[in-house]
Structures are given as C-alpha cells and as structure tokens.
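Below is the structure I would like to discuss, written out as structure tokens.
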Amino acid sequence: PSMKFEFTEELTHPANEVYLIMRDRMTEVVPLVPNVDAIDVLEREKRQDGRLHVLNRWHGSPSATPRAIRPFVKPEYMAWLDDALWDDKRSLVEWKFLTEHLGGLYRCEGINYFEDNGKSGCTVRLTGEFELYPHKVTGMPKVLARKLAPVLEKWLLGLVSPNLSEAPKAVQLFLDQQ
C-alpha cells in the first residue's frame, strides 16, 4: 500500500527567492540539511516548454541507518536520484526519487508548491506518495523482508524526507545567513 504525505513549511522569505535557492543552489545549502552529506548536480536542461529539468544525486548520511537493517545496507544504498521538473510560471516542481542501487525498492514522487503567504514570507507545500516493495531487497529472506518492512519503510522515508520536510528549513537558515 502506498502512503500519501504532505509537509507544509512557513518561511519568512518570498516564495520566488526560496524557489530559486531550492532550484539552483541546494549544493550550497547541504551543510544545513540533516542526514545528507552531499548533492551532485548530474543534469540541468532547459526544455522547449520553458521548464527546467534537473537531475541531482543526494548522498544520505550512513549514521541515519537503523541498527536492525545495517547489515543489509551498503554505502551506495544511501544515495538516490532526485529527478525534477521545475516550472517557473507556476512556481512548482514535479519530482520523483529514483534508486540506482536498490532495484526499484520504492517509488516516491510528488509536487512541491511555493506560494507567497500575503505577508513577507511564503508557504512551501510538499506533497507526494511513497510506496515500498520490500520483497526486492537482495540478500534478505522474504519472511524477514515482510517482518522488517515497517522498519525499512520508516528508514527510507526518513532518508528521503530531507528533500521534503527539512530542505525548506535549511533554505530558511541559508537565506537568514545571507
């Protein structure tokens, strides 16, 4: 079963400013994002329709892995691709996370909205859906995979959530320091 989620963050900076930092400068914000060690920009391409396609590789921190699943987690499992389509006209980004080394272990995708809040700040609304396929974990017996599915689900959602709930908070801190 898939899990729908929504995070809302109120920031004290204008939507356009926050949007541009998240689109163009997240590599500079990384030190402020918990459980993320680095972001590599792999592709940036302006589409004919004006939208910007950005492909980033996020590197999660190994220390964020729960003990129960550490024996099954290789360092490369801590990275994921953030495949995003930024729409400047509508102030939103459509995104999906892809795994390079986990063979389709999960599906996670959604849309983030950047909206001025009528004051001097903005609301960042992050919406999406997450679905785990625990039977795809290599080297883990199927019975154990089913038993550990809730732990895996919590860990994976916790691993990818920095790009969701924590990134706007980190952008707030980043802009506060400018």
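The values are calculated or read from the model by the stated rules, or taken from the named source; none is laboratory data. None of the values given here were measured: they were computed from a predicted structure. No Cβ is skipped: glycine too gets one built from the backbone with ideal geometry, and neighbour counts run over all protein chains shown. All accessible areas refer to the heavy atoms of the entire protein, side chains included, with ligands and DNA or RNA removed. Shrake-Rupley method; radii C 1.70, N 1.55, O 1.52, S 1.80 Å.
Among what's in region 153-167 and is farther than 14 Å from Gly110 by Cβ and in contact with a strand residue (DSSP E or B) (Cβ under 6 Å, 6 or more places away or on another chain), pick the residue that is modelled with the highest pLDDT.
Glu153
Taking the condition of being in contact with a Phe, Trp or Tyr (Cβ under 6 Å, 6 or more places away or on another chain) and at pLDDT 95 or above, how many residues in region 89-105 meet it?
Looking only at that region, the number is 3.
Which pairs have Cβ atoms under 8 Å, sit 6 or more apart or on different chains, and link a residue in region 106-124 that is part of a loop (DSSP other than H, G, I, E, B) to one that is open to solvent by 70 Å² or more (accessible area, probe 1.4 Å) and among the acidic types (Asp, Glu)?
So the pair list comes out as Asn117/Glu10; Gly121/Glu10.
Output the strands (runs of 3 or more DSSP E) that fall wholly within region 1-61 and possess 3 or more residues being open to solvent by 60 Å² or more (accessible area, probe 1.4 Å), or say none.
It comes to 3-11, 36-46.
Determine, yes or no, whether Ser120 is of a type outside the set (Asp, Glu), modelled with pLDDT of 75 or more and under 13 Å from the mean Cα position of the chain (by Cα).
Details: of a type outside the set (Asp, Glu): yes; modelled with pLDDT of 75 or more: yes; under 13 Å from the mean Cα position of the chain (by Cα): no.
Taking the combined requirement at face value, the residue does not satisfy it.
Could we say that Asn56 is without any contact (Cβ under 8 Å) to a residue 60 or more places away in the chain and within 13 Å of the chain's Cα centre (by Cα) here?
Details: without any contact (Cβ under 8 Å) to a residue 60 or more places away in the chain: yes; within 13 Å of the chain's Cα centre (by Cα): yes.
Yes; evaluated as a whole, the condition is true for this residue.
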